[in-house]
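**Q** Okay, handing you the structure first.
Each value in this text was obtained by applying a stated rule to the coordinates, not by laboratory testing. From a predicted model like this one, the values you see are computed outputs, not experimental measurements. Here the Cβ positions follow ideal geometry from the backbone for every residue, glycine too, while neighbour counts run over all protein chains shown.
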Ligand SMILES: Cc1cc2nc3c(=O)[nH]c(=O)nc-3n(C[C@H](O)[C@H](O)[C@H](O)COP(=O)(O)OP(=O)(O)OC[C@H]3O[C@@H](n4cnc5c(N)ncnc54)[C@H](O)[C@@H]3O)c2cc1C
């Protein structure tokens, strides 16, 4: 199908882009991997499309003071191969490498993925497990939202009208941490039916720190804090995995019921915890 008519803009600065979005009729274009299909299906019919590609600096992946800053326009592939990501937050790189196929990873961006907030997107599991922060810019200035508060519902975030995701900030993973992203990919789309991201830090025979992020099971990604607390309290991987998703809403569709998704989340949390522990020093 062909989209409705729209005007196309290529601002050279963030300020110009923000001004173009002021009247509320415009949509940002990043990689176009989600927006263009929606426009072609006429599920989205923006009056104008504001392409961020010409704005300098939005692709940079940098590290400073123990934190990694990933520009919103960094593609999944750039994140997958970035030496900074590999060295400082490898869990995010592992999630990026699991997204779709190489064409999607070459075009799609992290800013577009988090703003779109598909309940089955890969990044959100890693971002909540990494306690990432989403940096937003509007005409009124910048603000930061914790990833666990950013994903509010299916296709719904804490972003307000006129805001642009400019970067994602992640604290460096410690070198001694173990990590793993486990995904059950839908056979047709490649999106996760369920994806689980795990970080663990050992302390002697126990676990000093555990973070578990889950995507695909419900309307938005969440941290399995009950399972994290069990691991930190001395429980084994199987006991902790068995409570993942307890009390959380689930998504059902023709491919997988909500209960099956919860079951998958638990099975794959168990595998991800075990794999992360083998990588922890
Ligand atoms: C065949 C296929 C397979 C895929 N498989 C997977 C998969 O396995 N896992 C997965 O996670 N994803 C998958 N995706 C989705 C892909 O990751 C997209 O890249 C992502 O959802 C959107 O990113 P984008 O840069 O293309 O954004 P766009 O499509 O350009 O934009 C998406 C939405 O976000 C808004 N937006 C974009 N950038 C910003 C910004 N900086 N600030 C504010 N709003 C913004 C746009 O206005 C639009 O509403 C797949 C997509 C396709 C087509």
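**Q** What whole-number distance in Å separates the alpha-carbon centres of the range 226-281 and the range 62-130?
**A** When both Cα centres are located, 22 Å separates them.
**Q** How large is the convex hull of the C-alpha atoms of the range 122-209 per residue, in Å³?
**A** Per-residue hull volume (Cα only) is 123 Å³.
**Q** In whole Å and largest first, what semi-axes does the C-alpha gyration tensor of the chain yield when each eigenvalue is scaled by 5 and square-rooted?
**A** Value: 33, 21, 15 Å, ordered largest first.
**Q** If you take the beta carbon distance between residue 15 and residue 246 as r and set R0 to 35 Å, what does 1/(1 + (r/R0)^6) give as a FRET efficiency, to the nearest 0.05?
**A** The computed FRET efficiency comes out at 0.15.
**Q** Which semi-axis lengths, in whole Å and largest first, follow from the square roots of five times the eigenvalues of the Cα gyration tensor of the range 61-171?
**A** Over the Cα atoms of the range 61-171, the ellipsoid semi-axes are 20, 16, 13 Å.
**Q** Using a Gaussian network model on the chain with a 10 Å cutoff between Cα atoms, which of 193, 170, 267 fluctuates the most?
**A** Top of the fluctuation ranking is 267.
**Q** Continuing with this model, one more query. So what is the relative contact order of the chain, in percent, for Cα pairs below 8 Å that sit 6 or more residues apart?
**A** About 15 percent, as a whole number.
**Q** So how much slack lies between residue 139 and residue 160, counting 0.36 nm per residue of separation and subtracting their Cα-Cα distance, in nm?
**A** Taking 0.36 nm per residue and subtracting the Cα distance, the gain is 6.4 nm.
**Q** For the chain, what is the mean residue ellipticity at 222 nm derived from helices alone (per DSSP H run of n ≥ 4: -39500 (n - 2.57); sum divided by total residues; nearest 500 deg cm²/dmol)?
**A** Estimated from H runs of four or more residues: -8500 deg cm²/dmol.
**Q** Same structure again: If packing is taken as the average count of other Cβ atoms within 10 Å, what order do 256-264, 105-113 fall into, highest mean first?
**A** Listed from highest to lowest mean packing, they are 105-113, 256-264.
**Q** Report the full-extension gain for the segment residue 152 to residue 47: residue separation times 0.36 nm, less the Cα-Cα distance, to one decimal in nm.
**A** 35.2 nm
**Q** Still on this structure, please answer the following. With viscosity set to 1.002 mPa s at 20 °C, what whole-number translational diffusion coefficient in µm²/s follows for the range 7-50 from Stokes-Einstein and a Kirkwood radius over Cα pairs?
**A** The estimated diffusion coefficient comes to 199 µm²/s.
**Q** For the range 21-55 and the range 171-202, what is the separation of their Cα centres, given in Å?
**A** Using only Cα atoms, the two centres lie 30 Å from each other.
**Q** Considering the convex hull of the alpha carbon atoms of the range 170-281, report its projected area averaged over all viewing directions, in nm², one decimal.
**A** 7.0 nm²
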